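Shown next, in structure tokens, is the structure this report addresses.
The values are calculated or read from the model by the stated rules, or taken from the named source; none is laboratory data. Predicted model only: the values in this text are computed from it and were never measured. Neighbour counts run over all protein chains shown; Cβ positions are idealised from the backbone, glycine included. Surface accessibility is based on the protein's heavy atoms, side chains included, excluding ligands, DNA and RNA. Shrake-Rupley method; radii C 1.70, N 1.55, O 1.52, S 1.80 Å.
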Amino acid sequence: MEKKIILSPSIMCGDLVNLEKSINELEVVGMDTLHIDVIDGSFSPSMPLGIETIKRMREITSMNFDVHIMSNDNEFFIGEMLKIGVEGITFHHETSLHVDRYIQLIKNAGTKVGVALNPATPLNVLDYALPEIDRVCLMLINPGFATNKAEKQIPYAMKKITDLRRLVEEQDLEIDIQVDGRVSLATIPDLLDAGATNLVLGSTSLFIAGNTLAENRQLLSEAVNKSVLVR
């Protein structure tokens, strides 16, 4: 069984003082999606990109904007991202009092909607919402702490992906299973075989230091093609 894999380079791993150059380089190597983390500094101790910066990015590229909101005030950022005109918005279940309301706000705008789960958050919080959404983002490290290079992927990553894939298949749903956090060249084949369909790419894959982006793109293709579900 073959499946389409979405490659989602995380723009915060690009050159943050020359984002236009980084975006252009990603387009040159064939990327059509940008994974954009919107972090409020409260959900986790990081604030890589502001709203005005994302507005400016929207003006210079037609790439798909896959926005991942990590905030304690989801409704505000959902509204701002919808104004900008992004293709997809994912928010965290853990900080959402009104999950269904946020889902409907995004869907009614014609935008793809995703729900993100922290590593230890169980899948059963999505029991009722799963048929309503387009994407589940499984965090494989604690979100917002990517600068801690010693942090490894959670040991139950593959089980969680496999369990989610089973839930999706049992309900015959078309849901994108995104994985985010230490998605490395070494782990990509196993992540895909477990059921992931969307890879958030950072410093252990498309942005490996010391290589050119084109070199990393080739290594990435080789890693993806090692999956038995992709070949």
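Quick notes
- Some residue of region 117-133 being under 27 Å from Met47 (Cβ atoms), open to solvent by 70 Å² or more (accessible area, probe 1.4 Å) and under 15 Å from the mean Cα position of the chain (by Cα): no
- Selection status of Arg165, touching a strand residue (DSSP E or B) at 6+ places or on another chain (Cβ under 9 Å) and within 19 Å of Thr121 (Cβ to Cβ): yes
- Residues satisfying the stated conditions in region 44-60, i.e. among the polar types (S, T, N, Q) and within 16 Å of Met81 (Cα to Cα): Thr53
- Subset of region 175-197 (residues that are modelled with pLDDT under 95 and either farther than 19 Å from Asp66 by Cβ or open to solvent by 20 Å² or more (accessible area, probe 1.4 Å) (or both)): Arg182
- Pairs where the first residue, in region 112-128, is over 20 Å from Glu75 (Cα atoms) and the second is in a loop (DSSP other than H, G, I, E, B) and not polar (S, T, N, Q), C-beta under 6 Å, 6+ apart: Pro119/Ile154
Results for (1) open to solvent by 40 Å² or more (accessible area, probe 1.4 Å); (2) of a type in the set (Val, Ile, Thr), shown as yes or no for each residue.
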{"position": "Ile5", "(1), (2)": "no, yes"}
{"position": "Met12", "(1), (2)": "yes, no"}
{"position": "Met31", "(1), (2)": "no, no"}
{"position": "Ile36", "(1), (2)": "no, yes"}
{"position": "Asn72", "(1), (2)": "yes, no"}
{"position": "Phe77", "(1), (2)": "no, no"}
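- Restricting the first member to region 190-206 and to residues that are in a helix (DSSP H, G or I), and the second to residues that are modelled with pLDDT of 95 or more, the beta-carbon pairs closer than 6 Å and six or more apart or on different chains are Leu191/Val179; Ala194/Met158; Ala194/Ile161; Ala194/Thr162.
- Residue in region 106-114 that is assigned to a loop (DSSP other than H, G, I, E, B), open to solvent by 10 Å² or more (accessible area, probe 1.4 Å) and among the hydroxyl-bearing types (Ser, Thr, Tyr) present: yes
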